[in-house]
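The structure under discussion appears below in the form of structure tokens.
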Amino acid sequence: MARPSGEKTRCGGVWTEARFNSFIKSGLRQLSRKWGPMQQCLKNARVGRGEYLCAECEEVVSKSRLDDDTRKRVNNVHIDHVSAVIDPVEGFTTWDDCISRMFVEVDGFQLLCGACHKVKTLEENLIRKESTAGRKNKTRQCWSDMKQRCTNPNSQRWSTHGGRGISICNGWDTLDNFVADMGLKPNGKTLDRIDNDGHYCKANCRWATPKEQGNNRSTCVYVSYNGDTLTVQQWADSVGIGHSAMSKRLREWDIEAALTMPKDCTVETPEATQDAIRREYEAGGVFQKDLAEKYGLSQAGISKIIIRGKK
């Protein structure tokens, strides 16, 4: 395989390890399509003109089928390795191991119909996702993204990280040291700096959920009340409303009412108004529809206020 020529724009024009690996994988994939035993497997599975026997479900299928969504003809037979080229549990080990698994004899291949091939692929991906190797790959990606943000001026996030002086501690120049300090990436979490103005190091980093990271941004607005200082989103969560609703409360209500009133109380119905609505309704002679028109609320809102008063 010859190294591609021409002007390079990806990765800042630098041939990184990841880029070399991607290039090698692409070249091997192209070569494998012309591998003799793979073509022989296709011939062995043929049972008629344009018809092949699936090794998994043992049904005869046509070489192509009509896609239900696009209404176009798509490939319906796949020559697949019996053993995955990259082991789902162990993950990538060496190129020698990868090549030896990819270029096997005819008994190392099988023909699968589209449905069976899809099931097999999903099962392997699920194993990869849950395996230690899969978690290490995700950890590697987080580690690589961190380096890009802090060391590559061409990164889209350079201005918020390396561009403003955020750096990486000396020990984290290798993935092994990073994993030794932080462990493997947990599912549903990503790398987060506890102090947004601090550097990437063990003392200042954690694995955090998207919500935890959202409450730790430099743009977060903090509100203090009764000895607690929380973000607007955290106060909203404590009441059970959304961020925009809490922001509107803080603009239009006094701080105590905004941060303590129940979820069903809208910005147009402070406690005094709710009491007045309940008194008028309990006095009789007035319908919920009339109260809704008088106070500019929906009938559903009036009903909630009245029911809450009976509890």
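So the values come out like this:
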quantity: Test: residue in the range 210-222 that is under 24 Å from Glu271 (Cα atoms) and touching a residue at least 24 places away in the same chain (Cβ under 8 Å); calculated: no
quantity: Which numbered condition Gln110 misses (of (1) within 19 Å of the chain's Cα centre (by Cα); (2) closer than 30 Å to Glu59 by Cβ; (3) assigned to a strand (DSSP E or B)); calculated: (1)
quantity: Within the range 11-104, helices (runs of 4 or more DSSP H) holding 3 or more residues that are touching a strand residue (DSSP E or B) at 6+ places or on another chain (Cβ under 7 Å); calculated: 36-45
quantity: Residue that is modelled with the lowest pLDDT [pool: residues in the range 209-247 that are of a type in the set (Val, Ile, Thr) and closer than 19 Å to Ile194 by Cβ]; calculated: Thr219
quantity: Identity of the residue in the range 167-189, β-branched (Val, Ile, Thr) and out of contact with any strand residue (DSSP E or B) (no Cβ under 7 Å at 6 or more places or on another chain), that ends up surrounded by the most Cβ atoms within 10 Å (Cβ to Cβ); calculated: Val179
quantity: Residue in the range 231-253 that is aromatic (Phe, Trp, Tyr), more than 28 Å from the chain's Cα centre (by Cα) and either in the same structural domain as Met146 (by TED's automatic domain parsing) or over 30 Å from Glu17 (Cβ atoms) (or both) present; calculated: yes
quantity: Residue match in the range 169-183 (condition: at pLDDT 85 or above, over 22 Å from Ser144 (Cβ atoms) and either in contact with a helix residue (DSSP H, G or I) (Cβ under 6 Å, 6 or more places away or on another chain) or not in a helix (DSSP H, G or I) (or both)); calculated: no
quantity: Val232 without any contact (Cβ under 8 Å) to a residue 40 or more places away in the chain, touching a Phe, Trp or Tyr at 6+ places or on another chain (Cβ under 7 Å), under 30 Å from Ala258 (Cα atoms) and not hydroxyl-bearing (Ser, Thr, Tyr); calculated: no
quantity: Strands (runs of 3 or more DSSP E) enclosed by the range 195-278 - at least 2 residues per element that are under 30 Å from Gly171 (Cα atoms); calculated: 205-208
quantity: Qualifying position, being more than 23 Å from Thr16 (Cβ to Cβ) and touching a Gly at 6+ places or on another chain (Cβ under 7 Å), among Asn177, Asn204; calculated: Asn204
quantity: Test: residue in the range 50-68 that is at pLDDT 85 or above and aromatic (Phe, Trp, Tyr); calculated: yes
quantity: Residue pairs meeting the criteria (Cβ under 8 Å; at least 6 apart or on separate chains; first on the phi > 0 side of the Ramachandran plot and at pLDDT below 75, in the range 248-269; second surrounded by 12 or more Cβ atoms within 10 Å (Cβ to Cβ) and among the polar types (S, T, N, Q)); calculated: none
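The values are calculated or read from the model by the stated rules, or taken from the named source; none is laboratory data. Just so you know, these numbers come straight off a predicted model, no measurement behind them. Note that we place each Cβ from the backbone using ideal geometry, even for glycine, and neighbour counts take in every protein chain shown.
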